Amino acid sequence: MPDRQNDSPSRALAQPGHASGRPQPPALRGPQPPPYSPASAPRSAPDAAPQAAAPRREAPERPPLASPNKAPVLTKVPPPFTVRLSQFLWVLSLLAGAIAVVYVFVIREDQLPLISDAVRAVAEGRSDETYTTAADIIYWSIFGIAVGLTLIQVVLLVSFSNRKPNVRWWQLGTVIAQILLFLLSLEIVAVGENGPLIRQVLLAQWGLALLALLFGAFRNALQWTARKHDVRRAGGGDGGNEF
């Protein structure tokens, strides 16, 4: 018996939790975590499976500093070839008309007796003063009509160059009036020795005016007149870019 009592303190000291002489709580019973194993450790980043690379997003384009949609501005575009040719023919016609007017005025003293004879052949039995007065009236009437037609055609040519509407119809009217004047001059003014030259000049004036009117009625000439103004975008490099 004494031996068992002496051995009990030594056994108590040998049990865990009794080294410091303090009582220890009993150990909790339950599932314990498995011991650490290198095989169960998670894989590092290099050993992980490679993932698909995310698509690279491109930077948006920078907005332009200048807008291509700029305000239109007036510009000077040369007219088409048919318009230039028409203008040139009109100038030649006006020049021929001016030559005819000046020439008829210079030979007035020679043509008045011939005009009096033409009037006397139509109505006989009148005094010489009546025939002279009638010759003066006929001469100055034809001369005034020729000068008036020339001045009207000058004004119409300027209007045509400025793209005024309905100018061609007025020019056509002056050409018809020139035909009537030419036919009238054949019997009254364009007589005698100077008659052939007057007829040639008047015929040249009428023919050039008719050609000018025809070239001015071409399609591109009509479009040029209908456009009225030539415009382009402000700041454009090409001044000929039209709307």
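Things to note:
- Counting only helices (runs of 4 or more DSSP H) wholly contained in region 60-166, the ones carrying 1 or more residues that are touching a Lys or Arg at 6+ places or on another chain (Cβ under 8 Å), surrounded by 11 or more Cβ atoms within 10 Å (Cβ to Cβ) and in contact (Cβ under 8 Å) with a residue 12 or more places away in the chain occupy 128-161.
- Every residue from region 186-235 that is charged (D, E, K, R), within 23 Å of Arg163 (Cβ to Cβ) and at pLDDT 85 or above: Arg219
- Residues within region 181-213 that are in contact (Cβ under 8 Å) with a residue 24 or more places away in the chain, of a type in the set (A, V, I, L, M) and more than 17 Å from Leu114 (Cβ to Cβ), tallied: 9
The values are calculated or read from the model by the stated rules, or taken from the named source; none is laboratory data. Here the structure is a predicted model, which is why all the values come from computation and not from measurement. No Cβ is skipped: glycine too gets one built from the backbone with ideal geometry, and neighbour counts run over all protein chains shown.
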